[in-house]
Amino acid sequence: MKIGIEAQRIFRPKKHGMDIYALELIRAIQQLDTQNEYVVFVKPDKDVCLQPSQNLKIVEVKGKTYVDWEQISLPKAIEQEKIDLMHFTSNTASVNIKCPFILTLHDIIYLEKLFSKGSLYQVAGHFYRRWNVPKIASKAEYVLTVSEFEKIQIQKSLGIKYTKLKAIYNAYNQNFRMIEDEVALEQVREKYNLPYDFIFFLGNKAPKKNMKRVLEAYAAYADENLTPINLVIAESSEKDVMQLLIEINRKDIFKKIILTGYVQHSELPCIYNLATLFLYPSLRESFGIPIIEAMACGTPVITSNTSAMPEVADEAAMLVNPFDVEGIAQTIKKVLDNQKLYNHLKYSGLNRAMAFSWENTAQKTINLYNDILSAALA
């Protein structure tokens with residue numbers, strides 16, 4: 001049978017969570033399933049990171065915007081390829097689609113008032129999802145999501161039948177591991193001007209990333225320590241960080257902050273390995289892949305006690321209230337000052353990460369494909 005997979009943005013150079021999910025899922029499916037035929041629909045871009053194989057074809061579909069690509073260009077391509085089952089991987093789907101389909105709905109954050117603001121791009125995305133998701137979720141054969149927490153949120157908010165909802169965990173690439181290659185580590189250290197001890201934070205302008213409170217917590221931690229280690233922030237500009245420091249009246253700590261800009265996914269394992277501590281007190285996550293990426297690299301993790309993060313971290317991370325600036329600061333100090341606790345988090349994290357793999361995620365997804373196709377033939 002011929003299965004289509006929507007992977008619109010996997011060829012873009014700067015990939016984020018949903019792009020990584022689609023790419024890793026497809027790569028694992030490509031290795032595991034030799035029975036079905038696959039067609040992956042992508043938008044042309046610079047980073048051609050997936051290659052066709054005997055039973056996997058890549059179709060480049062052109063479109064000016066996310067919306068016209070998904071609603072106009074993609075349905076034509078799906079029909080032309082005579083797809084038996086379609087999998088939309090990135091929260092939304094083509095409304096006028098004639099074949100059966102499943103949807104991966106990573107989250108419904110766009111429905112929550114706390115996260116209604118953001119950049120113009122983010123606000124536009126929220127508007128599109130509010131229009132699109134209710135229309136397609138009811139039509140889908142199944143709606144997949146990435147945690148039991150998000151499954152419950154989706155059911156409550158959209159009223160989808162519980163039997164149509166499936167939670168299949170995300171995972172991490174096996175390149176995220178403890179790295180012994182000192183040359184590779186030093187090359188990344190030099191490229192990003194990283195010190196020998198630092199707290200690593202993946203931040204951007206999205207309100208849920210909680211960067212303002214991270215900066216406040218780091219300032220509080222620095223105030224209580226004569227030699228505080230640096231804070232390294234990825235994916236944020238000097239302008240954005242400085243604006244927040246001005247808001248909290250702490251421009252003085254900018255000299256202790258190192259900004260890497262966007263980090264290629266292939267270089268992240270080295271940064272996690274070099275980091276002393278990974279700080280991820282997000283306000284809201286449907287899963288939180290960076291949590292297990294850091295754990296797999298042997299980096300102790302501080303993350304939030306909200307949404308899906310406790311489910312993912314289990315007992316292998318320090319959980320904090322993401323709204324409690326002083327609590328975050330004290331937890332940073334506690335982990336850095338207590339060697340026994342630090343080692344416990346390191347080895348518990350390595351253990352916890354072993355529970356997640358893209359092969360497992362892909363196999364569960366393939367099983368669902370086959371169940372739907374078998375039912376259609378019955």
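The values are calculated or read from the model by the stated rules, or taken from the named source; none is laboratory data. This is a predicted model, so every value here is computed, not measured. Cβ placement follows ideal geometry from the backbone for every residue including glycine, while neighbour counts extend to all protein chains displayed. Please note that ligands, DNA and RNA were not included when accessible areas were found on the heavy atoms of the full protein model with its side chains. Shrake-Rupley method; radii C 1.70, N 1.55, O 1.52, S 1.80 Å.
Of note:
- Which numbered condition I58 fails, given (1) without any contact (Cβ under 8 Å) to a residue 40 or more places away in the chain; (2) under 17 Å from the mean Cα position of the chain (by Cα); (3) open to solvent by less than 50 Å² (accessible area, probe 1.4 Å): (2)
- Cβ-Cβ under 8 Å pairs, at least 6 apart or on other chains, region 1-27 side farther than 23 Å from I97 by Cβ, far side among the acidic types (D, E) and surrounded by 18 or more Cβ atoms within 10 Å (Cβ to Cβ): R12/D19
- Residues that are touching a helix residue (DSSP H, G or I) at 6+ places or on another chain (Cβ under 7 Å), outside any loop (DSSP other than H, G, I, E, B), open to solvent by 60 Å² or more (accessible area, probe 1.4 Å) and not hydroxyl-bearing (S, T, Y) occur in region 351-365; there is at least one.
- Residues (surrounded by 13 or more Cβ atoms within 10 Å (Cβ to Cβ) and either within 18 Å of L103 (Cα to Cα) or more than 18 Å from the chain's Cα centre (by Cα) (or both)) located in region 192-213: Y192, L194, P195, D197, F198, I199, K212, R213
- Search result, residues across region 306-319 that are of a type in the set (A, V, I, L, M) and assigned to a loop (DSSP other than H, G, I, E, B): A308, A316, A317
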